[in-house]
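Take a look at the structure below.
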Amino acid sequence: LIHIKGKGRGALAHPDIVADVNTLQRRLEGRAEVRGALSYVDVIKGMNMALHDNDPRWYVLPGDYESNYQMMEIFRTGGGVEHSKGYFEIDFSEGSLAVFVTDHRGSTIRGLLQETDDFIKKGKRSGVDIHQAAGIIGIFAAIMEEIKKAQISSIIQVSIVILLFCILTYRSLVTSLIILVPLALGS
């Protein structure tokens, strides 16, 4: 899940924010490990198409604030708050982008996080706040980060203890370093 936060009521309907969310969604959907994504942008396109006799040529973003707001409002009032809460807040100030992936491997998670970070830093044109890594991928990303920090710390601590014991046992710093180098390479 990627959290999208606009600046105030109705912010998600601004065309530049809608365009940014659409661009990020399409960019993530282009990745091999992504099997689909869902956001309020799909709601806007779907409502636009529904209001034009389900003509697939109208499965596009309207491009103006009033139309975007109207599509989201029709969707919200038609299905109720419970139906729309997975897409946006009742006041259209916040929304989400759900990305569905094939697996939860470290490379998949790192790739998605990197792709989203790149978009936030270089591709975003609007002033919307995009916060990534909620849901199961966010949990796995946080776990991987903590393991990485703890692993480096524990390797350093174990190396210091081994070095001290080798110095005490062999009474030689050079011998201790010779023993420590293959252990460090193995770790």
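Separation of region 53-126 and region 1-36, taken as the distance between their Cα centroids, equals 5 angstrom. Of the DSSP H helices in the chain, those that are both long (alpha-carbon extent of 24 Å or more along the helix axis) and hydrophobic (Kyte-Doolittle mean at least 0.0) are 135-170. Take the Cα of ARG57, step 7 Å toward its Cβ, do the same at ALA184, and the gap between the two points is 6.9 nm. Spin-label model, ALA98/ARG26: points 7 Å from Cα along the beta carbon direction are separated by 2.3 nm. Relative contact order, whole percent, for region 85-187 stands at 16, derived from Cα pairs under 8 Å and 6 or more residues apart.
Nearest 20 debye, what's the magnitude of the dipole of region 43-187 about its Cα centre given +1 on Lys and Arg Cβ and -1 on Asp and Glu Cβ?
It works out to roughly 940 debye.
Projecting the Cα atoms of GLY86, GLY186, GLN70 onto the charge dipole of the chain, computed from C-beta unit charges around the Cα centre, puts GLY186 farthest toward the positive end. Fully extending the segment from GLU73 to GLN114 would add 11.4 nm, taking 0.36 nm per residue of separation and subtracting the current Cα-Cα distance. Under Stokes-Einstein, with the Kirkwood radius over Cα pairs as Rh, the value for region 1-70 at 4 °C and 1.567 mPa s is 101 µm²/s.
In the chain the Cα-Cα distances spread across 10 Å bins starting at 0 as 9, 28, 24, 13, 9, 8, 6, 3, 0 percent of all pairs.
Every number here is computed from the coordinates shown, using simple stated rules; none is lab data. In this text, all values refer to a predicted model and were calculated from it rather than measured experimentally. For neighbour counting, all protein chains shown are included, and Cβ atoms are generated from backbone atoms with ideal geometry for every residue, glycine included.
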